[in-house]
Amino acid sequence: MSKISVIIPVYNKAQYLKKTIDSVLNQSMTDFELIIVNDGSTDQSIEIINSFNDKRIKFINQTNQGVAVARNLGVTNAGSELIAFLDADDLWFPNHLAEILKLAETFPQATFFGTAYQIKYESIYKDIVYPFKNTRVLLDKYYRHDKGQALFYTSNFAVRKNIFLQEGGFKRQIDAEDTEFFLRLGTQYPMAYSRTVTMMHIKESENSLFSQYQLDKKVQLLDFFARQEQTDPDLKTYLDLHRFAWTMEYLLTGHKKKAQKLKRQIDHKNLNTKQKILLNLPPAILRLLKRIQRKLRQKGVYITAFSK
């Protein structure tokens, strides 16, 4: 049995897929299996997958059913007790699996694991490292520490297989299935986190899993935790930061009524000064600021509403 199973769901990612698979095969820790689940791709993804000749690779083909179903199927077919996920347009650095295994060994009481990561946005490379005192830490209610810049993504996330199956895996009926699953675990189990950067999240990908989200479906996430956030202030803060981000998206795309509905649900004490100001600006000003933000990023300046 391999020490860890790696799951890559694939849907029309031919442009990125070879580099993604290479980043797995080039890991410093080599005792793994790689399960690639093709979710009905219509581009050259299958040909790219078949071009690899490595006994650690398992290939599963299914009709298009969505990323949640693809990931769940991969886990069902995994032979290891530890599962790591990677999106087909992200990249691992060679130290990723070794660091995940170190976390699992250091914190046997942890159920799921995450590492620091790098965002690539056009010409910008930005490391996202949370400022904990120790390199590796055990976190109860990880969302207490997540202030809007994601603590982890699917691609730097790993979980114990028995807990994944016990919790029913990813829900297929919402587009924020990863965030919902993270929160479902985070409200019940401890997480181990490493400040070591092990993954690159490529935000410039036009066909990334995140850019495919439909905003209305993302907002459905709130329904799953409506009762729980009433008695968990940390969860309320975390979800309010999502409400803020989605309110901004609604305003920028001209959906004023939906924006106002979300805005009314926010406790403004959970926002920073910059976010409070942005919430009250006219959409025209917000669109201007968005254009300025994009131009600054082209010049290598990375500014968000969540940064200090």
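We did not get these values from a lab; they are worked out from the coordinates using the rules stated. None of these values were measured; they are calculated from a predicted model. For neighbour counting, all protein chains shown are included, and Cβ atoms are generated from backbone atoms with ideal geometry for every residue, glycine included.
Between GLN188 and THR42, the distance separating the two model label sites (each 7 Å from Cα on the Cα→Cβ line) works out to 3.8 nm.
For ILE36, ILE83, ILE124, the sequence from fewest to most other C-beta atoms within 10 Å is ILE124, ILE83, ILE36. In the range 215-298 the Cα-Cα distances spread across 5 Å bins starting at 0 as 3, 14, 25, 22, 18, 10, 5, 2, 0 percent of all pairs. The length gained on full extension between ASN162 and THR273, counted as 0.36 nm times the residue separation minus their Cα-Cα distance, comes to 35.7 nm. All other residues with a Cβ under 10 Å from the Cβ of GLU249 taken together, and with Lys, Arg as +1 and Asp, Glu as -1, what is their net charge? Residues close to GLU249 contribute a combined charge of +2. Two decimals is fine: what is log10 I(q)/I(0) at q = 0.07, 0.12, 0.13, 0.15 Å⁻¹ for the chain, from a Debye sum with one equal scatterer on every Cα and no solvent? Here log10 of I(q) over I(0) equals -0.27, -0.83, -0.98, -1.30.
Efficiency by 1/(1 + (r/R0)^6): what FRET value for SER123 and THR76, r their Cβ-Cβ distance, R0 = 45 Å, to the nearest 0.05? Efficiency at R0 = 45 Å is approximately 0.65. Sorted ascending by nearby beta carbons within 10 Å, beginning with the fewest, SER194, SER28 become SER28, SER194. Excluding PHE52 itself, calculate the net charge of residues whose Cβ lies under 15 Å from the Cβ of PHE52, where each Lys or Arg counts +1 and each Asp or Glu counts -1. Summing Lys and Arg as +1 and Asp and Glu as -1 gives +2. So if R0 is 35 Å, what FRET efficiency would ALA226 and ILE292 give, r being the distance between their Cβ atoms, rounded to the nearest 0.05? According to the calculation, E is roughly 0.50.
Rounded to the nearest 20, the size of the Cβ-charge dipole of the range 4-202 about its Cα centre is 460 debye, with Lys and Arg at +1 and Asp and Glu at -1.
Rounded to the nearest angstrom and listed largest first, the equivalent-ellipsoid semi-axes of the range 151-308 from its Cα gyration tensor are 27, 21, 16. Find which of THR237, THR247, GLN293 sits farthest along the positive direction of the dipole of the range 215-298, computed with +1 on the beta-carbon of Lys and Arg, -1 on that of Asp and Glu, about the Cα centre. Result: GLN293. Residue order for TYR142, TYR125, fewest other beta carbons within 10 angstrom first, comes to TYR125, TYR142.
Each other residue within a Cβ distance under 15 Å of PHE225 adds +1 if Lys or Arg and -1 if Asp or Glu, for a net charge of -3. Please name whichever of PHE152, GLY79, ILE8 sits farthest to the positive end of the charge dipole of the chain, dipole taken about the Cα centre and charges placed at Cβ: Lys and Arg +1, Asp and Glu -1. The Cα lying farthest towards the positive end belongs to PHE152. Across the range 84-90, computed HN-Hα scalar couplings (Karplus, 6.51 cos²θ - 1.76 cosθ + 1.60, θ = phi - 60°) run 10, 10, 8, 6, 6, 10, 10 Hz from first to last residue, x flagging Gly and Pro.
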